[in-house]
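Working notes, structure below.
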Amino acid sequence: MALHPCSQHSRRFSLGLATGLALGLAIAAGHGHAAEPLEFEGLRIEVVGQSGPALLMIPGLNSAADVWQPTCAALQPTVQCHIVQLPGFAGQPPVGADPWLEAMRDRLLRYVDAAGLEQPAVVGHSLGGALALSLAIRAPHRFERLVVVDSLPFFGAAANPAVTVETVRPIAEGMRAGMLAVDEARYRAQAQLALAGMSNQPERMETLLQWGESSDRATTAQAMYELMVTDLRPQLDAIRVPTLVLGAWAGYAAYGATAESVRATFERQYAALDGVRIELSDGGYHFLMWDDPLWLQAQLRDFLDLPAH
């Protein structure tokens, strides 16, 4: 039976109010300890911490939310972490969404509103960094600070600044089709190659492989495609919050990268973001939260103006 427009509005309002109250109660119950993870529009979010400013923590491609747990623990009791598990990654059920990145951005914004988070800071790694940028572009006055960990506004131009969305699109389409077509053995072998140099701790490789194998392949392929063909550089001037970019270079040294060349890439890609602060780890690889944890934690404490231990 069709609802009268007023009834539809009332139902949406009631559902929104109920969602917000449920989230608020769950978050309040988690003060001091990790609460049971919240399920919100396909996202799974664990709230950790008793007090302090809210910190929305977004992992990268195929990563589990666990990647941020050591960082969150090190920052206690000065922040309340909202650690996100993106759908389709590391065993979290996928959701139908096209375009996927925009859908994740909008769901995260709705979560921030439903949870009543006032001016949270956002920390995102890799794909999560691209989402953090998208959040601050979409809602420039909604967030307090932004930390981007080893991520770029246009992944497609990481190696060649002359690349455009139009020139990279056929490459990205071929990559997506290839990922979907190969058998499981070949897919695992390709994943192992892709993960080489991602962490300076060999024991982490098996964890990363397991996360990849438990990720939905279609979600992974679509997310990688969209990362390659999304150019946020022209929109960076919409960001109105202080932004810290933490980068890694040592893991790419085997391919000829130096600290100077990687810094130049970051500075070129973030040129339109006024006042951006860029810092590079001396020895950490892509997973900086594992590879150079004390440095990353010190950077966060300083930038977020948190008390040191």
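Some observations on this one:
- Scanning the stretch 260-294 for residues that are surrounded by 17 or more Cβ atoms within 10 Å (Cβ to Cβ), without any contact (Cβ under 8 Å) to a residue 60 or more places away in the chain and either in a helix (DSSP H, G or I) or among the hydroxyl-bearing types (Ser, Thr, Tyr) (or both) returns VAL262, SER281.
- Qualifying residue in the stretch 236-259 (condition: of a type in the set (Lys, Arg) and either part of a loop (DSSP other than H, G, I, E, B) or at positive phi (or both)): yes
- Selected residue (criterion: nearest to HIS141 (Cα to Cα)) from residues of the stretch 102-121 that are charged (D, E, K, R) and in a helix (DSSP H, G or I): ASP113
Let's see how each residue does on (1) in contact with a Leu (Cβ under 9 Å, 6 or more places away or on another chain); (2) farther than 24 Å from TYR225 by Cβ:
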{"position": "THR71", "(1), (2)": "yes, yes"}
{"position": "ILE83", "(1), (2)": "yes, yes"}
{"position": "GLU118", "(1), (2)": "no, yes"}
{"position": "LEU131", "(1), (2)": "yes, no"}
{"position": "ALA139", "(1), (2)": "yes, yes"}
{"position": "GLY156", "(1), (2)": "yes, no"}
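- Residues located in the stretch 116-138, provided they are open to solvent by less than 20 Å² (accessible area, probe 1.4 Å) and more than 11 Å from the chain's Cα centre (by Cα): LEU117, PRO120, ALA121, ALA136
- If you check SER199, SER215 for being under 26 Å from PHE303 (Cβ atoms) and either without any contact (Cβ under 8 Å) to a residue 40 or more places away in the chain or surrounded by 17 or more Cβ atoms within 10 Å (Cβ to Cβ) (or both), only one passes: SER199.
- Test: ARG176 is in contact (Cβ under 8 Å) with a residue 24 or more places away in the chain, within 20 Å of ALA157 (Cα to Cα), open to solvent by 30 Å² or more (accessible area, probe 1.4 Å) and not in a strand (DSSP E or B): yes
- Selection within the stretch 179-189 - under 19 Å from GLN222 (Cβ atoms) and either of a type in the set (A, V, I, L, M) or open to solvent by less than 70 Å² (accessible area, probe 1.4 Å) (or both): MET179, LEU180, ALA181, VAL182, TYR187
- Members of the stretch 122-150 that are in a loop (DSSP other than H, G, I, E, B) and hydrophobic (A, V, I, L, M, F, W, C): ALA139, PHE143
- Of everything listed in (1) in contact (Cβ under 8 Å) with a residue 40 or more places away in the chain; (2) within 21 Å of ALA136 (Cα to Cα); (3) outside any loop (DSSP other than H, G, I, E, B), the single unmet condition for ASP98 is (3).
- Of everything in the stretch 70-112 that is over 22 Å from GLY212 (Cβ atoms) and aliphatic (A, V, I, L, M), the residue that is surrounded by the most Cβ atoms within 10 Å (Cβ to Cβ) is LEU108.
- Matching residues in the stretch 151-173 - criterion: being part of a helix (DSSP H, G or I) and more than 24 Å from the chain's Cα centre (by Cα): GLU166, THR167, PRO170
- Within the stretch 201-220, restricting attention to residues that are in a loop (DSSP other than H, G, I, E, B) and modelled with pLDDT of 95 or more, the residue that is nearest to the chain's Cα centre (by Cα) is SER215.
The values are calculated or read from the model by the stated rules, or taken from the named source; none is laboratory data. Fair warning: this is a prediction, and the values are worked out from it, not measured in the lab. Here the Cβ is made from the backbone with ideal geometry for all residues, glycine too, and neighbour counts use every protein chain on show. With ligands, DNA and RNA removed, areas are computed over all heavy atoms of the protein, side chains included. Shrake-Rupley method; radii C 1.70, N 1.55, O 1.52, S 1.80 Å.
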